[in-house]
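Participant: To start, I am sharing the structure in question, which I have written as structure tokens.
The values are calculated or read from the model by the stated rules, or taken from the named source; none is laboratory data. This one's a predicted model, so the numbers in the text were calculated from it and none came from an experiment. When we count neighbours, we look across all protein chains shown, and the Cβ atoms used for this are built from the backbone with ideal geometry, even at glycine. Quick note on the areas: whole protein, heavy atoms, side chains included, nothing else; ligands and nucleic acids left out. Shrake-Rupley method; radii C 1.70, N 1.55, O 1.52, S 1.80 Å.
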2 protein chains.
Amino acid sequence: MKWLDEIKWTDDGLIATIAQETGTGKVLMMAWMNRESLQLTAKTGHAVYYSRSRQRLWHKGEESGNQQIIKDIRLDCDNDVILLEVEQKGGIACHTGRHHCFFKQLKDNQWLEVEPVLKDPNDMYQNQG
Amino acid sequence: MKWLDEIKWTDDGLIATIAQETGTGKVLMMAWMNRESLQLTAKTGHAVYYSRSRQRLWHKGEESGNQQIIKDIRLDCDNDVILLEVEQKGGIACHTGRHHCFFKQLKDNQWLEVEPVLKDPNDMYQNQG
């Protein structure tokens, strides 16, 4: 797969990946992919990341149901960042139950939480704990 | 500066930073910041990154004139990614002379360059070479 070889992977074999919502243009989240997860993402049309904390593939929405359907896959000038255009199932990308992960706004030298929780995380991850 | 202490810096003291254009919603680029560059960004209202290759602060637009004026600074749920909303001076964020850095689109297992060069990089960086 030549297109995968063209990517400048980190020493850990990863690439930073930004997910942007189609339509709204919201930047939903940033996560990491390895070679296998990017290949699966392109092949299946669903976002598959690599969880650094759990050290395994992370099929986005595998527990919450909030899958990301791929509309477009872009690579940047330096070949070391991926930008996905996605349809966000359930309208929730963040594990906190918010629409997207960037809900802390810098104001007067403080991070303020400025976006509402749309769904209780306890209801999103019922198999946990 | 408590707000800087809340950030989960990498082992190298950096944080991944996404710049999104105000108005268009275009994701322009991803770069890295260290503590000093983020503090300067917040203080001056101009994006200041940290260049890993040059190992020094990188005042965006210092050579090209294509500065980024800060409209909003967000932090994600894990405190390890910054999202900037910026006004892109000159309409060019990418060192290749394109509007943004994500100009390679995956199609049929190939990366296709799908965005035009708006300005010759030789005219953007006249002090180089």
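Participant: Inside the stretch B:45-75, can you point out the residues that are more than 10 Å from every other protein chain (Cβ to nearest Cβ) and of a type in the set (Ser, Thr, Tyr)?
Facilitator: Within the stretch B:45-75, B:49, B:50, B:51, B:64 qualify.
Participant: Restricting to the stretch A:76-85, name every residue that is facing chain B (nearest Cβ under 9 Å) and touching a residue at least 60 places away in the same chain (Cβ under 8 Å).
Facilitator: Hits for the stretch A:76-85 are A:78, A:79, A:80, A:81, A:82, A:83.
Participant: Can you tell me which condition residue A:72 does not meet? The list is (1) crowded, with 19+ Cβ neighbours inside 10 Å; (2) farther than 17 Å from residue B:81 by Cα, and all the others hold.
Facilitator: Against the list (1) crowded, with 19+ Cβ neighbours inside 10 Å; (2) farther than 17 Å from residue B:81 by Cα, residue A:72 comes up short only on (1).
Participant: Sticking with this one: Please list, ordered by first then second residue, the pairs with beta carbon atoms under 8 Å, 6 or more apart or interchain, first in the stretch A:87-108 and touching a residue at least 12 places away in the same chain (Cβ under 8 Å) and basic (Lys, Arg), second assigned to a loop (DSSP other than H, G, I, E, B) and open to solvent by 30 Å² or more (accessible area, probe 1.4 Å).
Facilitator: Between residues of the stretch A:87-108 that are touching a residue at least 12 places away in the same chain (Cβ under 8 Å) and basic (Lys, Arg) and residues that are assigned to a loop (DSSP other than H, G, I, E, B) and open to solvent by 30 Å² or more (accessible area, probe 1.4 Å), the close pairs are A:89/A:65; A:89/A:67; A:98/A:115; A:98/A:116; A:98/A:117; A:98/A:118.
Participant: I'm checking my understanding of the structure. Among residues of the stretch A:6-44 that are within 11 Å of chain B (Cβ to nearest Cβ) and part of a helix (DSSP H, G or I), which one is most open to solvent (accessible area, probe 1.4 Å)?
Facilitator: A:43
Participant: Step by step: first the residues of the stretch B:86-96, then only those that are more than 8 Å from chain A (Cβ to nearest Cβ) and crowded, with 21+ Cβ neighbours inside 10 Å, then the one that is nearest to residue B:120 (Cα to Cα). Which residue is that?
Facilitator: Among residues in the stretch B:86-96 that are more than 8 Å from chain A (Cβ to nearest Cβ) and crowded, with 21+ Cβ neighbours inside 10 Å, the one nearest to residue B:120 (Cα to Cα) is B:92.
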